[in-house]
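Participant: Sharing a structure, written as structure tokens. Questions coming.
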Ligand SMILES: Cc1cc2nc3c(=O)[nH]c(=O)nc-3n(C[C@H](O)[C@H](O)[C@H](O)COP(=O)(O)O)c2cc1C
């Protein structure tokens, strides 16, 4: 039942999913060619490596076919969307697509003995997208190759980060939007080394390069120089004039009309809308106006119950997980215990890190303020998550702890209704206009 529903809906979202099917064919082809006699000449080590790679390829194809499309995703957020947060998110929503924090390509290349620390994740976290950052083709390609062993469902390149360390000194992140041809090359290099679709997350522009036409040029160039079919659009430009990354997520105005313009002008591509969306009502409103997918960052982190808690039923039309927050905490505690128990001493996550994703769980509920104050005190001496929860949870009323997710408000459901009346001029018409005006100019020259 689920499968047929998934496939029918895939059919209406052709580019991304035809990619998945292409991957499937590619893997099957690889498997067939592996049966040829010359593979016997491989050393046993090489055979083992190849076998693992094929197992992973099959895994990722299996996963990709099992999931709904990325109608809803949780944004990559450095120091926030780590394994702990993603585990909590997955307990609350089975169908959301989860993005990792950005991992810089050079980190993977230089830490090849320590890759699990940066790339490993529990298999329940599928569907999951790895975001990488960088501007060196060799390193991006090598990073994609290293990441491929971990069976992510998509690899994404960061072309939106405005932080000084990234876009300034690092010369990547949003600065890459100034060189779309390079981004096309980078995406080809990444795609050549992995078995899953690739995508780009970008802003709508930066500094004075903020016209709709320049955004279209970026999308057009990247898509025509690489197999990239999916773009995540953070619908505000970045300012590289020294304002902080946090201000860069507040000060430049949101221009949703650019996003909807892209839907109109590039019907063969997939676009996910990001930026300033805070409720599931708004997610559904954007989808009603044609958005292929919607990505939430801060709201999904700071208020996971009201956002992620409604995704499965409201966005995907599937049954919700049906858990109360008490049950969510029980499952999360099991995860924390297993992480602590499995620890071999090389990297010990602190209790503070594991508690951090929980701090938004009672957003706007009675007892939330007291709970946070108690959490602050408890973190100074508790050593296990069990002790932490025991000491703090009496601040939250039982009905809050024991009730399951209910869709409370329809907030934002009328948003985006007027967006089609304020779209920018179509990209291709501008091209035609340019050709026409050139023709007119030539004609007037002939008249002279
Ligand atoms: C703390 C923090 C860290 C972020 N780190 C990343 C990152 O690593 N990569 C990225 O592409 N965007 C990053 N972003 C930007 C988000 O992915 C997202 O584009 C932005 O927050 C706008 O979405 P929102 O309004 O739903 O939060 C970060 C945002 C925040 C708040």
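Participant: Assess whether residue 260 counts as being in a strand (DSSP E or B), under 20 Å from the mean Cα position of the chain (by Cα) and either more than 12 Å from the ligand (Cβ to nearest atom) or under 30 Å from residue 383 (Cβ atoms) (or both).
Facilitator: So residue 260 fails the test.
Participant: Same structure, new question: Filter the strands (runs of 3 or more DSSP E) completely within segment 112-209 down to those with at least 2 residues that are in contact with a strand residue (DSSP E or B) (Cβ under 8 Å, 6 or more places away or on another chain) and over 22 Å from residue 245 (Cβ atoms).
Facilitator: It comes to 154-159.
Participant: Same structure again: When the residues of segment 76-111 are filtered to those that are assigned to a loop (DSSP other than H, G, I, E, B) and within 12 Å of residue 308 (Cα to Cα), which remaining residue is farthest from the ligand (Cβ to nearest atom)?
Facilitator: Among residues in segment 76-111 that are assigned to a loop (DSSP other than H, G, I, E, B) and within 12 Å of residue 308 (Cα to Cα), the one farthest from the ligand (Cβ to nearest atom) is 94.
Participant: Go through the residues of segment 327-342 one by one and say whether even a single one is surrounded by fewer than 16 Cβ atoms within 10 Å (Cβ to Cβ), out of contact with any helix residue (DSSP H, G or I) (no Cβ under 7 Å at 6 or more places or on another chain) and within 30 Å of residue 413 (Cβ to Cβ).
Facilitator: Yes: one or more hits.
Participant: On to the next question. Answer with yes or no whether residue 233 is under 27 Å from residue 161 (Cβ atoms), assigned to a loop (DSSP other than H, G, I, E, B) and within 16 Å of the ligand (Cβ to nearest atom).
Facilitator: The answer is no for residue 233.
Participant: Quick test for you: out of 281, 290, pick the one residue that is surrounded by fewer than 17 Cβ atoms within 10 Å (Cβ to Cβ), away from the ligand (no atom under 13 Å from the Cβ) and at pLDDT 95 or above. Please lay out each step first, then the result.
Facilitator: Details: 281 fails: surrounded by fewer than 17 Cβ atoms within 10 Å (Cβ to Cβ).
Only one candidate qualifies: 290.
Participant: Here is a further query. Return the only residue of 167, 144 being under 20 Å from residue 211 (Cβ atoms) and either more than 15 Å from the ligand (Cβ to nearest atom) or touching a residue at least 12 places away in the same chain (Cβ under 8 Å) (or both).
Facilitator: After ruling out the rest, the residue left standing is 167.
Participant: Then there is this: For segment 319-330, state whether one or more residues are within 14 Å of the ligand (Cβ to nearest atom) and farther than 23 Å from residue 211 by Cβ.
Facilitator: No - not one qualifying residue is present in segment 319-330.
Participant: Could you tell me whether any residue of segment 216-227 is in contact with a strand residue (DSSP E or B) (Cβ under 9 Å, 6 or more places away or on another chain), touching a residue at least 40 places away in the same chain (Cβ under 8 Å), more than 22 Å from residue 72 (Cα to Cα) and assigned to a loop (DSSP other than H, G, I, E, B)? Give the derivation first.
Facilitator: Taking segment 216-227 as the starting set, the residues that turn out to be in contact with a strand residue (DSSP E or B) (Cβ under 9 Å, 6 or more places away or on another chain) are 218-219, 222-223, 226-227.
Still in the running and touching a residue at least 40 places away in the same chain (Cβ under 8 Å): 218-219, 222-223, 226-227.
Subsequent filtering for residues that are more than 22 Å from residue 72 (Cα to Cα) retains 218, 222-223, 226-227.
Then drop every residue that is not assigned to a loop (DSSP other than H, G, I, E, B), which leaves 226-227.
Yes: segment 216-227 contains one or more residues that are in contact with a strand residue (DSSP E or B) (Cβ under 9 Å, 6 or more places away or on another chain), touching a residue at least 40 places away in the same chain (Cβ under 8 Å), more than 22 Å from residue 72 (Cα to Cα) and assigned to a loop (DSSP other than H, G, I, E, B).
Participant: For segment 236-257, how many residues are part of a loop (DSSP other than H, G, I, E, B), in contact with a strand residue (DSSP E or B) (Cβ under 8 Å, 6 or more places away or on another chain) and within 12 Å of the ligand (Cβ to nearest atom)?
Facilitator: Within segment 236-257, the first condition is being part of a loop (DSSP other than H, G, I, E, B), and the residues that meet it are 236-237, 239-246, 250-255.
When the remaining residues are screened for being in contact with a strand residue (DSSP E or B) (Cβ under 8 Å, 6 or more places away or on another chain), the result is 236-237, 239-240, 252.
Add one more test, that the residue is within 12 Å of the ligand (Cβ to nearest atom), and what stays is 236, 252.
Summing the residues that are part of a loop (DSSP other than H, G, I, E, B), in contact with a strand residue (DSSP E or B) (Cβ under 8 Å, 6 or more places away or on another chain) and within 12 Å of the ligand (Cβ to nearest atom) in segment 236-257 gives 2.
Participant: Quick check on residue 316: is it more than 11 Å from the ligand (Cβ to nearest atom) and surrounded by 20 or more Cβ atoms within 10 Å (Cβ to Cβ)?
Facilitator: yes
Participant: Suppose we keep only residues that are within 11 Å of the ligand (Cβ to nearest atom) and outside any loop (DSSP other than H, G, I, E, B) within segment 263-278. Which one would you say is farthest from residue 223 (Cα to Cα)?
Facilitator: 274
The values are calculated or read from the model by the stated rules, or taken from the named source; none is laboratory data. In this text the structure is predicted, and so the values were computed from the model without any measurement. No Cβ is skipped: glycine too gets one built from the backbone with ideal geometry, and neighbour counts run over all protein chains shown.
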